[in-house]
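Notes follow once the structure below has been shown.
Quick note: the coordinates plus some simple rules give every number you see, no bench work behind them. Computed from a predicted model, the values in this text were never measured in an experiment. Heads up, the Cβs are rebuilt from the backbone with ideal geometry, glycines too, and the neighbour counts pull from every protein chain shown.
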Amino acid sequence: MLLLSQYLKHHKTEDTLAELIDTLMLACKEVAIQLREGELAGVLGSTDNTNVQGETQKKMDVIANDLLKKFLLDNPLVAGLASEEEDLPVAGNPDGKFLVIFDPLDGSSNIDINVSVGTIFSILELPEGASGADESAYLQNGRKQLAAGYVLYGQSAVLALTTGQGVNFFTLAHTGDFILTRENVQVPTQTKEFAINMSNHRFWEDSMRTYIGDLLEGSEGPRGKNYNMRWIASMVAEVHRVLTRGGIFTYPWDQRDPGKPGKLRLMYEGNPMSMLIEQAGGIASTCYINILDLEPKEIHQRVSVALGSADEVNTLLEYHNDHSGVAAQLNS
Ligand code: AHM
Ligand code: MG
């Protein structure tokens, strides 16, 4: 039995980074407790507020955001934070060394129906001379992430973490400790499982429609095998499935709203999940370019995402070889 703190020590994680991860986990444990109580704690349902993304905030979106903010800003290592639920980055200790970017509760449309949600986080170093209040300090390429991960609040609470040395799962025990339960997670290279919101079919690019159409044809079609489909509407749960047993998950560019090239956000969802997937031997792409190669332009930037089993994602990319489309321009 190896505790998260022991694991980080054994793997020579820098002390300050280990301390920051510990702080994040203290906040996530509080979120897990609130979620477990659910209706009993009066935390279900929506608020009257709309966030910067134009989405109605759930009560738990606000509670999770406040908890993460409180714990992180109390830690002098934190120079600043950026959250999917905050309009602007929040400054921490001017002498701090880390920036923390997070989606406090991903998949929050699932809260009221008791289906899995999660907290996604990404840790960056504060660039020299920069301030945690400046958006530009956070706009770093995804390969600069020092660590990334999520806590999935499912039947059990599971932390998936990478510090750039592979991916490991830690399960929250009744003692309050995160315990190493799966080491060196590897995404199988092949799969027969895909995840996409099929109701957006009419808004996709032709290349995505052709790819999904070929999957649906099963063993009689060009792919020569039968596929199964999943859609949980919670990226954390989808990525956890992909890390655990393989698969492809995509939320592609669509033409519903020209202001939103993809539903997911690069800094809060795309980058951390891509680092995890790549560290586990999978691929994460916009369908045109590796997500970790994107140069972020703004903190709430949206991105199209296709990630998972390497062979399957590579096949999807072959359907997108023509770079002349609108999505290709927006995603490069
Ligand atoms: P959120 O961060 O506001 O919860 O939105 C992100 C979620 C992802 O978890 C999930 O993959 C997707 O949005 C679900 O979208 P849809 O409502 O189209 O099913
Ligand atoms: Mg989200």
Determine, for Leu35, Leu266, the number of other Cβ atoms within 10 Å of each Cβ, and report the residues in order from fewest to most. Leu35, Leu266
Over the chain, relative contact order from alpha-carbon pairs under 8 Å, at least 6 apart, %: 15 percent
Between Arg36 and Ser109, take the C-beta separation as r, use R0 = 22 Å, and let me know the FRET efficiency to the nearest 0.05. 0.70
Can you give me the relative contact order of region 115-205 as a percent, contacts being Cα pairs under 8 Å and 6 or more apart? 19 percent
Hz values of 3J(HN,Hα) by residue in region 33-49 - Karplus curve (6.51, -1.76, 1.60), Gly and Pro given as x: 5, 4, 5, 5, 6, x, 3, 4, 9, x, 9, 8, x, 9, 9, 8, 8
Residue-wise HN-Hα coupling along region 301-315, computed from phi with Karplus coefficients 6.51, -1.76, 1.60 (Hz; x: Gly, Pro): 3, 9, 8, 8, 10, 9, 9, x, 4, 4, 4, 5, 5, 4, 5
Give me the net charge for the shell around Arg209: Cβ to Cβ below 11 angstrom, other residues only, Lys and Arg +1, Asp and Glu -1. -3
When a footprinting reagent is the concern and you count Cβ atoms within 10 Å, what order do Glu278, Glu295 take, fewest first? Glu295, Glu278
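Using 0.36 nm times the number of residues separating Asn200 and Glu183, minus their current alpha carbon distance, what extension gain do you get?
Value of the extension gain: 2.5 nm.
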Counting sequence-distant residues (5 or more places) and residues on other chains, those with an amide H built under 5 Å from that of Asp254 are Gly262
Summing +1 per Lys or Arg and -1 per Asp or Glu among the other residues with Cβ less than 13 Å from Phe98's Cβ gives -4
For Ser46, what residues show an amide H to amide H distance below 5 Å, using hydrogens built from the backbone and excluding near sequence neighbours? Lys59
Dipole moment magnitude, nearest 20 debye, the chain about Cα centre, only Lys, Arg, Asp, Glu C-beta charged: 700 debye
Part-to-part distance (alpha-carbon centres) for region 261-280 and region 205-223, which is given in Å: 25 Å
If we count other beta carbons within 10 Å of each Cβ, what is the order of Thr189, Thr286, fewest first? Thr189, Thr286
What is the calculated FRET efficiency for Lys97 to Asn290, with r their C-beta to C-beta distance and R₀ = 35 Å, to the nearest 0.05? 0.80
